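K.L.:
What follows is a structure written as structure tokens; I'll ask about it next.
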Amino acid sequence: MDNADQRLQEVYRIAGPDLSKVLDAYFPKKDELVDWFYDSNNKALGKSPHDFCKNGNTYELECILMDLATGNIGL
């Protein structure tokens, strides 16, 4: 397994099975998924999605992505 595959597997491990399914649907390009997941400059969350998950907010991140994917902006 190369480094890119290892990083992707680490994202899936941290995200858990439910969020991983949403991530796969939202990010068809796996390299973009990994880059986004570790991006600490995520303005919408105020921290990286990795940190968001590590702080126990996996379900909230899943809901945010589902809202973005379906066009629901909380109205």
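The values are calculated or read from the model by the stated rules, or taken from the named source; none is laboratory data. All values derive from a computational prediction rather than experimental measurement. So basically every Cβ, Gly included, is an ideal-geometry build from the backbone, and we count neighbours across all protein chains shown. These area figures cover heavy atoms from the full protein model, side chains too; ligands, DNA and RNA do not enter into them. Shrake-Rupley method; radii C 1.70, N 1.55, O 1.52, S 1.80 Å.
K.L.:
Limited to region 56-75, what total is found for residues that are free of Cβ contacts under 8 Å to residues at least 24 places away in the same chain, open to solvent by 90 Å² or more (accessible area, probe 1.4 Å) and not in a loop (DSSP other than H, G, I, E, B)? Walk me through how you get there before you give the answer.
P.N.:
Start the filter on region 56-75 by keeping residues that are free of Cβ contacts under 8 Å to residues at least 24 places away in the same chain, which leaves 56-57, 60, 63-64, 67, 70-75.
From what is left, the residues that are open to solvent by 90 Å² or more (accessible area, probe 1.4 Å) are 70, 73, 75.
If we keep only those that are not in a loop (DSSP other than H, G, I, E, B) too, we end up with 70.
Residues meeting the conditions: 1.
K.L.:
While we're looking at this one, here's another question. Report whether or not Cys53 is assigned to a helix (DSSP H, G or I), open to solvent by less than 70 Å² (accessible area, probe 1.4 Å) and touching a residue at least 24 places away in the same chain (Cβ under 8 Å). Break it down into steps so the answer makes sense when it comes.
P.N.:
Details: assigned to a helix (DSSP H, G or I): yes; open to solvent by less than 70 Å² (accessible area, probe 1.4 Å): yes; touching a residue at least 24 places away in the same chain (Cβ under 8 Å): yes.
Yes.
K.L.:
Mind checking which residues of region 36-50 are more than 15 Å from Tyr12 (Cβ to Cβ) and open to solvent by 70 Å² or more (accessible area, probe 1.4 Å)?
P.N.:
In the first step, residues of region 36-50 are kept if they are more than 15 Å from Tyr12 (Cβ to Cβ); the result is 39-48.
Within region 36-50, Ser40, Asn41, Lys43, Ala44 qualify.
K.L.:
Select from region 21-41 the residues that are in a loop (DSSP other than H, G, I, E, B) and either within 22 Å of Gln6 (Cβ to Cβ) or touching an Asp or Glu at 6+ places or on another chain (Cβ under 6 Å) (or both) and list them in ascending order.
P.N.:
First pass over region 21-41, keeping only residues in a loop (DSSP other than H, G, I, E, B): 27-29, 39-41.
Of everything in region 21-41, those that are in a loop (DSSP other than H, G, I, E, B) and either within 22 Å of Gln6 (Cβ to Cβ) or touching an Asp or Glu at 6+ places or on another chain (Cβ under 6 Å) (or both) turn out to be Phe27, Pro28, Lys29, Asp39, Ser40.
K.L.:
How about region 1-20: which of its residues are open to solvent by 100 Å² or more (accessible area, probe 1.4 Å) and over 19 Å from Asp51 (Cα atoms)?
P.N.:
Met1, Asn3
K.L.:
Going through region 7-40 one residue at a time, which ones are among the small types (Gly, Ala, Ser) and free of Cβ contacts under 8 Å to residues at least 24 places away in the same chain?
P.N.:
The first filter runs over region 7-40 and keeps only residues among the small types (Gly, Ala, Ser), leaving 15-16, 20, 25, 40.
Result: Ser20, Ser40.
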